[in-house]
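One structure is given here, and the rest of the page talks about it.
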Amino acid sequence: MYSKRPIIGLALTLLALVSFAAPSIAQPADADTRSAGADARPAERPRAAAETFHGWAFDTCLAPPLATMSAWRASKYRAVGVYYAGRGRHCKNQPQLNADWMRSVKQMGWRVLPTYVGSQPPCVTAKHKKTVRIGRNPWWQGTREGRDAVLQAKKLAIQPGSPLYLDMEAYRLTKRSCRMTTLWFVRAWNREVRRHGYIPGFYSSANSGIRHMEMARRAGFGDLPSVIWFARWRTKPNLNTEPMLHRAAWQPERRIHQFMGNVRETHGGRALVIDQNLMHAPVARIR
């Protein structure tokens, strides 16, 4: 997400598109539950109580000071992505971020996209993410990190019924073992987040993680994300024309398009380096 570029034009073989045989990794007996087959219906729908927002959003590595958030009310943005937890966060030290910050930005009229950067695929391409790769038991690890995602969200006054967005950096889909390890981790994370009453979202580059989730949806896997946040940079913002997604999948109100990254903007005299997004998707419920 922040300070990385989505892979464009990743070449995938036909085998990579259709091969979803069960991997030789440990998972519970019911982990291979399937949903609707290859049609365009989403695997799961967000709960009716979800609060959604349609408009412009930005995300940046560090949660900005409240004075900056106040100044940025002069911009077109009305939602902010916050890297609130996860062992893979680039900006681990978040001096501004606490429950009071969350409540304050809510009072200003901001919506919040809580983003969890956990363990990354074994074949992740970013060098600085290779030290936090998924281990040998992805289902157990995904469950554990899903539980942590919920715990850390609660500490920040983020209520059940909120989305928690799992950030997966770009990875090599042609590697089957990596593909399956990542899928099992993501599904376990989603299942645990849902078990606690939160909505699992998924962020990745359009040509790797997003393509992977669409492949899994077409193959009929369950425990998939309820909301998709796709990064395709240097394109016009559009929620409905992403080529890696069936037009009817993850609809309605369940898509975010990150269309540009590492852009410097100034509003109200305050400058930030941000990624730009168009969204129609759930946002945090802050107590």
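The values are calculated or read from the model by the stated rules, or taken from the named source; none is laboratory data. A quick note: this is a predicted structure, and the numbers were derived from the prediction, not measured. Note that we place each Cβ from the backbone using ideal geometry, even for glycine, and neighbour counts take in every protein chain shown. SASA here: full protein model, heavy atoms, side chains in, ligands and nucleic acids out. Shrake-Rupley method; radii C 1.70, N 1.55, O 1.52, S 1.80 Å.
Being surrounded by fewer than 24 Cβ atoms within 10 Å (Cβ to Cβ), among the hydrophobic types (A, V, I, L, M, F, W, C) and either touching a helix residue (DSSP H, G or I) at 6+ places or on another chain (Cβ under 8 Å) or closer than 25 Å to His196 by Cα (or both) is a description that does not apply to Ala126.
In the range 237-251, the condition of being of a type in the set (Ser, Thr, Tyr), crowded, with 24+ Cβ neighbours inside 10 Å and out of contact with any Phe, Trp or Tyr (no Cβ under 6 Å at 6 or more places or on another chain) is met by no residue. With respect to the conditions (1) closer than 29 Å to Asn262 by Cα; (2) in a loop (DSSP other than H, G, I, E, B); (3) within 17 Å of the chain's Cα centre (by Cα), Phe230 falls short on a single one, namely (2). Screening Asp275 against (1) open to solvent by 10 Å² or more (accessible area, probe 1.4 Å); (2) assigned to a strand (DSSP E or B); (3) of a type in the set (Asp, Glu) leaves a single unmet condition, (1). Summed over the range 145-166, residues that are open to solvent by 10 Å² or more (accessible area, probe 1.4 Å) and either without any contact (Cβ under 8 Å) to a residue 40 or more places away in the chain or assigned to a strand (DSSP E or B) (or both) total 2.
For (1) assigned to a helix (DSSP H, G or I); (2) without any contact (Cβ under 8 Å) to a residue 40 or more places away in the chain, each residue gets a yes or a no:
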| residue | (1), (2) |
| --- | --- |
| Arg211 | yes, no |
| Ala216 | yes, no |
| Pro237 | no, no |
| Glu242 | no, yes |
| Gln251 | no, no |
| Gln258 | no, no |
| Gly261 | no, no |
| Arg264 | no, yes |
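For the range 224-235, the set of residues classified as touching a residue at least 40 places away in the same chain (Cβ under 8 Å) and open to solvent by less than 20 Å² (accessible area, probe 1.4 Å) consists of Leu224, Pro225, Ser226, Val227, Trp229, Ala231, Trp233, listed by residue number.
How about the range 170-218: which of its residues are modelled with pLDDT of 95 or more, open to solvent by 10 Å² or more (accessible area, probe 1.4 Å) and among the β-branched types (Val, Ile, Thr)? Thr181, the sole residue that qualifies.
For the range 102-135, the set of residues classified as charged (D, E, K, R) and at pLDDT below 95 consists of Lys127, Lys129, Lys130, listed by residue number. Pairs meeting the criteria (first residue in the range 63-75 and in a helix (DSSP H, G or I), second residue basic (Lys, Arg), beta carbons under 6 Å, at least 6 apart or on different chains) are Thr68/Arg270; Ala71/Arg270.
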